[in-house]
Each structure stands twice: as structure tokens, then as C-alpha cells.
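Peer 1: First the structure, which I've put down as C-alpha cells, then a few questions once you've had a look.
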Amino acid sequence: MMITLILLFGSLFAIISIIIYYFDIGFYFSIPLVLLIIIGQWLLSPSIVSSSTKLRYLEKGENPFLENVVADLVKKANIPMPRLAVVPDSTPNAFVFGRTSGSSTLAVHEGLLRNFRSEEIEAVVAHEIGHIKHNDMVIMTLASAVPLIAYIVARGFLWRPSGRRGKDAGTIILVGIVSFLVYLVSQLLVLYLSRSREHFADTYSAYITGQPRDLRSALAKLTYGLSLSSKESSGLRAFYIGDPQKAKEEIKTIIRKKTEYDLDRDGVLDEHELELAMEQEAKRSPFGNANELFSTHPPTFKRILLLKKIEEEMEHGQFKGDIYRFI
């Protein structure tokens, strides 16, 4: 799906680039246009996310457990208390959004609140607090404009006016090809940034709760739970702690090897067996595959391995200094 989207938007990007080139839309006009796009996305994205997910904001005192967990974590993180919301969805998931860390919303799915242990919910919430702490909402909004900015800069260097260049078919095709390549490379970098922000948030959750084991367990259950969803993947899935489309692919890989991972031979992979299966899959493909390059989230396998490494460091009292050094 992500490969298809990149090809689609890359083609659109190339067409727009050809139009800009053909009609001589200048560099100094393009920059304000990019700034307008960034500001518009920054202003409108909270409203779009809110309406698309059908979330409901919680009244004070409506969910004391969630309020207390979030209040404790934001105090440790030294950030403002976000607005809390619940999404009427039976799948386990959570996300944050907002224009700044001071105007953010933390939303959790009903499926997470109903089916996860309190420690696992806290670990997931801490992951989302990590996104707020790191200002990931702003970072990813700015990063999403990188492909367009990259093209404008490339165009400025590659097609400086030296007299009036003829707009022959060959030149126009070249503009389209270069524009597509610029878009592809810069988009891959944006996706890499998105995956790294997930690792940072996972690490922060382990650090602030002191219990990486709880997030490992939560990620395994969350991935399995999302894989069972019959709903079409949302276009907003990059916002979530777990990507439903990615979850389906990962669980499909494990189910194919079910007999290998079903340790007690009862025909069902329990939580412990599922987590061990994910660890083994990560060890078998430590560098992932080409498909990972086009994903907004790192494989759950890799996330679990990172958390296990952090847990081992904590057990030996060595998880100090730069807590993000394993990323």
C-alpha cells in the first residue's frame, strides 16, 4: 500500500513539477507556496484527525484511571497535561496529535482500555507521552514538506536560466524524471525519520516507566489485535503506536510458522509464544527487508528486540547517560 501511495504521489509530484517548469513559475513564488502548505497542514491537521477518528473528548473525572496515569507521566516528563479522548474502536491502539506539545490530545481506543493490563496501558500511554515530549507532531509536519522543498532547491540548481531554454519534449521528460527521483529519495528519508521517532518513543516509555517488559508485552498483543481487524487501514495510521497494515503482514509471517512457535502444542499462540516468535523473526532478519523502507513504523520484531536490550541494560544498572544510544 505504501509503495503504491509513494508511486502515486511521486507521479503527481512529477506532473506538478513539469507544470511549474513549463510555465516558468519562479523560485520566489514557489517558496511562499511551500510555506503556505506547511502552515495549512499544521493548522488543519488536528481538526482532520479529530473528525476522521470519531474520537470523543473525556470530561474531567470520567476515567480516573487514565487521568491518573497520564497526570503522573506528564509530571515526570515535565510537559503540559494533554486533552484526553477515547475512540470508539474495538482494536487496541493509541495516538497523539496537536499543533504543539502544549495543545496536544492523547487518544486511546476502547479496545486498548478493555483488553490490556493496567501496566501495559501505562506503557503505551508513556510511548505517546514520548511523542509529545519530543515534539514529534511538529517535526513530522515539517518533514512532510521536505520532498517539495527538495525539488525547489534541486530545480534552482539544475535549471538556472542561461538565456531562454527551449521547452522541448526531452527537457520536460528530464524534469519529470528528476522530480520523481527527488521526491522518492526525500520521501524515503521522511519515512526513515518516522520509524526512528517510534523507536525514540519506545525508548522513552521504557525509561520513564522503568518497565520495558510491559511495552514489549503490549506491542505483541497490540500487533496481534490489529491483525484481526477487518477494517480498511486508515490513511492516518502513521499517527498510531501500531500500524494495522503492518501488523497484518507481520502476523501472517508468524502464522505460516505456527507449528514452530507453538511451544505447548495446543494449537494457539499465547502472548508469551507470540512475543518469542517476534524476537526470533527479528533475529532472523535484523536488517529488515525492502518493504520496511516504505513503512512509517519499524517492524514490531525490531521494537521488541530494542526493548529487550534496554531491559538487559536496566537489570545490570547500565541504562544511564544517553538513553537513545541503541537507536
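Only the coordinates and a few stated rules stand behind these numbers; no lab work does. Every value quoted in this text rests on a predicted model; they were computed, and no experiment measured them. Here the Cβ is made from the backbone with ideal geometry for all residues, glycine too, and neighbour counts use every protein chain on show.
Peer 1: Rg to Rh ratio, region 194-327, alpha-carbon atoms and Kirkwood radius?
Peer 2: 0.96
Peer 1: A further question on this structure: If Rh is defined by the Kirkwood formula over all Cα pairs and Rg also comes from Cα, what ratio Rg/Rh do you get for region 76-133?
Peer 2: 0.97
Peer 1: Restrict the search to region 34-69; then list the GluC sites (Glu not before Pro) that DSSP places in a loop and that have at most 10 other Cβ atoms within 10 Å of their Cβ.
Peer 2: When the GluC sites (Glu not before Pro) of region 34-69 are filtered for loop state and at most 10 Cβ neighbours within 10 Å, GLU59 remain.
Peer 1: Something else about it: Please order PHE326, PHE200 by the number of other Cβ within 10 Å, starting at the fewest.
Peer 2: Going from sparsest to densest Cβ surroundings: PHE326, PHE200.
Peer 1: For region 193-205, in order, what is each residue's ³J(HN,Hα) by Karplus, 6.51 cos²θ - 1.76 cosθ + 1.60 with θ = phi - 60°, in whole Hz (x at glycine and Pro)?
Peer 2: Whole-Hz 3J(HN,Hα) from phi for region 193-205: 4, 4, 5, 5, 5, 5, 5, 4, 5, 4, 5, 5, 4.
Peer 1: Direction-averaged shadow area of the convex hull around the Cα atoms of region 260-327, nm²?
Peer 2: Taking a quarter of the hull surface, the average projection is 6.1 nm².
Peer 1: Which order do the peptides 102-115, 209-222, 260-273 take when ranked by the mean count of other beta-carbon atoms within 10 Å per residue, highest first?
Peer 2: Listed from highest to lowest mean packing, they are 209-222, 102-115, 260-273.
Peer 1: Do you know the Lys pair count in region 257-327 for C-alpha distances under 20 Å, with sequence separation 8 or more or different chains?
Peer 2: 9
Peer 1: Mind ordering 299-307, 68-76, 313-321 by average Cβ neighbours within 10 Å, highest first?
Peer 2: Those peptides, ordered most packed to least, come out 299-307, 68-76, 313-321.
Peer 1: With a point put 7 Å past each Cα toward its Cβ, work out how far ILE48 is from SER103 in nm, to one decimal.
Peer 2: 1.6
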